[in-house]
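Asks: Sharing a structure below in structure tokens format, with a few things to ask.
Every number here is computed from the coordinates shown, using simple stated rules; none is lab data. Because the structure is predicted, anything quoted here is derived from the model rather than measured. Ideal geometry is used to build each Cβ from the backbone, glycine not excepted, and the neighbour counts take in all protein chains shown.
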Amino acid sequence: MAYAFKKGLEAAKEMDQEDILRDFRQRFYLNEGEIYMDGNSLGLCSKDAEESLLSVLEEWKTMGINIWTKPKVQKFLYQDHLGALTAPLINADTDEVTVHSNTTINIHTAIGTFYEPTETKYKILVDDLNFPTDRHAVDGQLRLRGISPEKGIALLRSRDGKTLLAEDIIAAMTPEVALVLLPSVLYRSGQLLDMQRITDEARKRDIVIGWDLSHSIGAVPHDFKAIDPDFALWCSYKYLNGGPGAAAGLFINRRHFEKPAGLPGWHGNIKETQFELNHHLDKASYAGGWQSGTQHVLSMAPLEGSLKMYQEAGIKNLREKSLKLTAYLRYLIEDRLTTYGFTVGTPYEDEHRGGHIALEHGEALRINEALKDAGVVPDFRYPNVIRLAPVPLYVRFEDVYELVERIVDIMENRKYEAYADKVGPVA
Ligand SMILES: Cc1ncc(COP(=O)(O)O)c(C=O)c1O
């Protein structure tokens with residue numbers, strides 16, 4: 001879409017005035033004067049999330065063991081409830097989504113379920129830009145089947161080190177490939193892949209395909225009724241604002257409900273007979289059948305309040321504002337920052353862009369440190385990327401304007417030169 005932005009702070013404020021989502025910001029805990037641009041790494045705490053967490057804590061305090069089964073409370077069904085609240089974000093059926101464990105374990109669960117190698121069709125196609133945990137999990141699953149990663153991995157290499165071409169992905173779907181695991185949005189550059197086209201091509205070749213939605217869930221609406229992937233998984237602590245270590249999400253396409261789960265456990269049993277404690281697993285025929293052990297209820301509770309905000313705001317409205325914010329950020333970068341040697345690593349077109357902008361510079365690490373001291377919360381990713389996520393629930397156009405002004409100040413006064421060229425454990 002072509003945007004007509006105007007220069008100056010007043011223009012930014014005008015956009016905030018017109019923003020139908022502007023009031024959601026007041027429901028978040030923000031530090032005065034701070035510009036939070038790291039919601040693609042850890043989303044902020046909302047009052048809604050706090051309330052749902054405190055309410056579950058109260059249930060525990062007052063009910064003890066009855067928290068699991070007391071009518072209406074029934075925390076042993078909490079994952080179904082949260083799954084149903086999440087499903088509209090990806091246009092899936094409510095019983096196709098469950099909330100479980102962490103993303104990495106859900107990759108193990110999914111590969112354990114869907115990887116069915118034969119003599120001739122045994123490779124797992126992955127790319128070299130995905131977040132490392134996906135690769136570690138895939139390598140581990142191959143080893144568990146007695147297949148070395150050297151033999152079992154079909155590795156798609158990016159041409160430019162930033163983005164992936166759909167043509168290259170499709171060309172890599174050779175007859176030996178049994179399964180494809182890809183990220184919807186690349187964590188560094190913010191490129192959004194053409195999930196429909198890639199999934200269609202996998203299906204044509206009888207290849208199972210799953211998506212890691214960690215960088216798109218809650219930022220980009222997905223239409224799983226149309227895309228129709230086999231499985232997907234994601235974390236809930238980025239755009240979903242579920243809190244540090246929030247329980248992750250798992251989508252299982254209903255055509256696979258009868259499959260055995262890759263990492264089975266007693267919470268995947270049908271609820272009617274779970275407490276008979278039989279050694280035979282009577283696996284539930286919906287995504288809940290992929291539950292393993294006891295739910296992490298306290299790590300699920302903030303998600304409830306947060307997901308209800310998504311229902312209120314509407315994922316389409318959020319995407320529209322997010323695209324406008326990232327387009328505005330790009331406009332300001334081009335207007336104010338290219339003169340200092342900055343470039344943008346995120347694709348230009350709306351349909352190829354997730355929720356953040358990758359700002360590139362040879363001094364990115366030191367500039368990132370200087371930005372933190374200037375009251376901005378960005379993050380740095382090797383080798384030269386500052387990731388900036390103007391999250392539509394709590395970031396204003398005015399913040400984006402101010403962010404760019406603070407970068408100008410750092411560059412103009414060479415403030416970044418005071419910082420060491422070394423990264424800490426959580427950049
Ligand atoms: C694409 C992707 N997958 C997975 C993870 C993290 O996995 P986990 O939630 O298990 O720590 C991240 C973290 O940023 C990620 O970007």
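Asks: Dipole of the chain, Cα-centred, from +1 at each Lys and Arg C-beta and -1 at each Asp and Glu C-beta, to the nearest 20 debye? Provide the component values of the computation, followed by the final result.
Replies: Numbers: 49 positive and 62 negative charges, 117 e Å.
The calculation lands at about 560 debye.
Asks: Could you calculate the FRET efficiency of THR69 with TRP266 from 1/(1 + (r/R0)^6), where r is the beta carbon distance between them and R0 is 22 Å, rounded to 0.05?
Replies: 0.90
Asks: Loop only per DSSP, at most 15 neighbouring Cβ atoms within 10 Å: give me the trypsin sites (Lys or Arg not before Pro) in segment 1-102, ordered by residue number.
Replies: Details: sites: LYS6, LYS7, LYS13, ARG22, ARG25, ARG27, LYS47, LYS61, LYS72, LYS75; in loops: LYS6, LYS7, LYS72.
Of the trypsin sites (Lys or Arg not before Pro), the ones in loops of segment 1-102 whose Cβ has at most 15 other Cβ atoms within 10 Å are LYS6, LYS7, LYS72.
Asks: Follow-up. Filter the cross-link list LYS47/LYS415; LYS61/LYS259; LYS6/LYS415; LYS204/LYS308; LYS13/LYS308 down to pairs whose alpha-carbon distance in this structure exceeds 30 Å. Each step should come with its number before you reach the end.
Replies: Details: LYS47/LYS415 36 Å; LYS61/LYS259 38 Å; LYS6/LYS415 28 Å; LYS204/LYS308 37 Å; LYS13/LYS308 28 Å.
Check vs 30 Å cut-off fails for LYS47/LYS415; LYS61/LYS259; LYS204/LYS308.
Asks: Would you mind computing, in nm to one decimal, how far apart the modelled labels at GLU349 and GLU312 are, each placed 7 Å from Cα along Cα→Cβ?
Replies: About 3.6 nm separates the two model spin labels.
Asks: With a/c under 1.5 counting as rounded, go ahead and sort segment 354-404 into rounded, prolate or oblate using the C-alpha gyration tensor (a ≥ b ≥ c being the square roots of the eigenvalues; past the cut-off, prolate if a/b is larger than b/c, else oblate). Walk me through the numbers on the way to the answer.
Replies: Numbers: a/c = 2.34, a/b = 1.46, b/c = 1.60.
Since a/c reaches 1.5 but b/c is at least a/b, the shape of segment 354-404 is classed as oblate.
Asks: Over what distance in Å are the Cα centres of segment 228-300 and segment 352-413 separated?
Replies: Value for the Cα centre distance between the two parts: 37 Å.
Asks: For the chain, rounded, prolate or oblate, judged on the Cα gyration tensor with a ≥ b ≥ c (square roots of eigenvalues), a/c < 1.5 rounded, else prolate if a/b > b/c? Walk me through the intermediate numbers first.
Replies: Values: a/c = 1.99, a/b = 1.32, b/c = 1.51.
It comes out oblate by the Cα gyration axes.
Asks: Which trypsin sites (Lys or Arg not before Pro) in segment 142-238 pass both tests, a DSSP loop state and at most 11 other beta-carbon atoms within 10 Å?
Replies: Those satisfying the criteria are ARG157, ARG159.
Asks: Which GluC sites (Glu not before Pro) does segment 341-427 hold that lie in a coil by DSSP with at most 11 other beta carbons within 10 Å? Intermediate values should be presented prior to the final figure.
Replies: Values: sites: GLU349, GLU351, GLU360, GLU363, GLU369, GLU398, GLU402, GLU405, GLU412, GLU417; in loops: GLU349, GLU363.
Sites meeting the loop and neighbour criteria: GLU349.
Asks: Roughly how many Å is it from the Cα centre of segment 152-217 to that of segment 32-105, as a whole number?
Replies: The distance from the Cα centre of segment 152-217 to that of segment 32-105 comes to 29 Å.
Asks: To the nearest 10 degrees, how steep is helix 397-412 against the longest Cα principal axis of the chain, on a 0 to 90 scale?
Replies: It works out to around 60 degrees.
Asks: Roughly speaking, what is the stretch gain from TRP60 to LYS422, that is 0.36 nm per residue apart minus the C-alpha to C-alpha distance, in nm to one decimal? Don't skip to the end; give the middle numbers.
Replies: Working: separation 362, 0.36 × 362 = 130.32 nm, distance 4.44 nm.
Result: 125.9 nm gained on full extension.
Asks: Next question. Under 17 Å Cα to Cα from LYS271, which lysines show up? Leave out anything in the same chain fewer than 8 places away.
Replies: List returned: LYS70, LYS72, LYS75, LYS283.
Asks: Which of the peptides 119-131, 276-288 is most tightly packed, and how do the rest follow, judged by the mean count of other Cβ atoms within 10 Å per residue?
Replies: The most tightly packed comes first, giving 119-131, 276-288.
Asks: Still on this structure: Report the paramagnetic label zone for ASP409: residues of segment 321-354 whose backbone N is under 11 Å from a point 7 Å from Cα along the Cα-to-Cβ axis.
Replies: So the set is empty, nothing qualifies.
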